[in-house]
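All remarks here apply to the structure that follows.
The values are calculated or read from the model by the stated rules, or taken from the named source; none is laboratory data. Predicted, not measured: the structure shown is a model, and the values here were computed from it. Note: ideal-geometry Cβ built from the backbone for every residue, glycine included; neighbour counts use all protein chains shown.
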Amino acid sequence: MGPSAAFFDLDKTVIAKSSALAFGRPFYRDGLISRRDVVKSAYAQLMFRLGGGTDEQAMARTRDYLAALCKGWRVEQVQQIVAETLNELINPYVYAEAAALIAEHQAAGRDVVLVSASGDEMVRPIGELLGITDVIATRMAIVDGRYSGQVEFYSAGPAKVVGINELAAARGYDLSQCFAYSDSSSDLPMLEAVGHPSVVNPDRALRRAALERSWPVLEFRHPIALGKRLRDRPAVPVAAAALGVGVGVAIGFALYGRHRRARAAVA
């Protein structure tokens, strides 16, 4: 049997919170986003997740808002914010069940890959805390130490499968022998791309799809602090953690605007 992998979504699958919003407060504190951005982002992130986030136009709007929002942010400032707050914001929220499952796949000789719409430079250090070195995540162009306003790869929905296929071709994975885990119906393409999909804390649409396809449904309920494992690691500079909160805020603008238009139409 050839090499295989287990692909894990991040938010609500491995960690019990949104990585896109985790850094919202310190980014607001340091002036990168406004209070209005935070409120819109939190509201619309909830609506996005309840709706499954499968609308391609909404994904495109999110990508475009992300690029505009982060344009001009200094990478050095973002690095400092994330280095100072990673322990507080991520450490206590890793699901014990996810950590055990990751270890089980690694013990079986499989590569473990985090697949997330959040920024590569944010997802990668979270992965390192879990002993994961491979990630597929959103990549934003950086020019002269600042975000240029261009998104090189937006790792959401069907685009996740593009990243998975590229990695599978490079590593020689037989995807029929691979595993995938997610909580969101927006990740149906990723789950359908492998031979062994499972859903974790699924939204309504994904739970329905899993029941129709006889996929395993897992419930992760016990976040656990990484504690000493996290404290013993050096701080990891995060060049694009802004992508994480940027995704949340971008979703906020896209869906908050759509919500207001819908209300106006009803009125």
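When you go through Arg208, Arg229 one by one, which is the residue that is part of a helix (DSSP H, G or I), over 24 Å from Leu32 (Cβ atoms), modelled with pLDDT under 95 and out of contact with any Asp or Glu (no Cβ under 9 Å at 6 or more places or on another chain)?
One residue alone meets the criteria, Arg229.
Just wondering, is there one or more residues in the stretch 29-49 that are surrounded by 15 or more Cβ atoms within 10 Å (Cβ to Cβ) and either touching a Pro at 6+ places or on another chain (Cβ under 9 Å) or modelled with pLDDT of 75 or more (or both)?
Yes, the conditions are met somewhere in the stretch 29-49.
Go through the stretch 120-140 and give me each residue that's without any contact (Cβ under 8 Å) to a residue 24 or more places away in the chain and under 13 Å from Ile102 (Cα atoms).
Gly127, Thr133
On the given criteria, is Tyr154 at pLDDT 50 or above and closer than 29 Å to Gly31 by Cα?
Answer is yes for this residue.
Out of all the residues in the stretch 99-108, is one or more over 19 Å from Val14 (Cβ atoms) and touching a residue at least 60 places away in the same chain (Cβ under 8 Å)?
No, the conditions are met nowhere in the stretch 99-108.
Scan the strands (runs of 3 or more DSSP E) fully inside the stretch 73-183 and keep the ones with 2 or more residues being out of contact with any His (no Cβ under 6 Å at 6 or more places or on another chain) and surrounded by fewer than 19 Cβ atoms within 10 Å (Cβ to Cβ). Full working, then the answer.
On the way: elements: 111-119, 134-143, 146-153, 179-182.
Passing ranges, in order: 134-143, 146-153.
Inside the stretch 86-116, can you point out the residues that are hydrophobic (A, V, I, L, M, F, W, C) and modelled with pLDDT under 90?
Those that are hydrophobic (A, V, I, L, M, F, W, C) and modelled with pLDDT under 90: Leu86, Leu89, Ile90.
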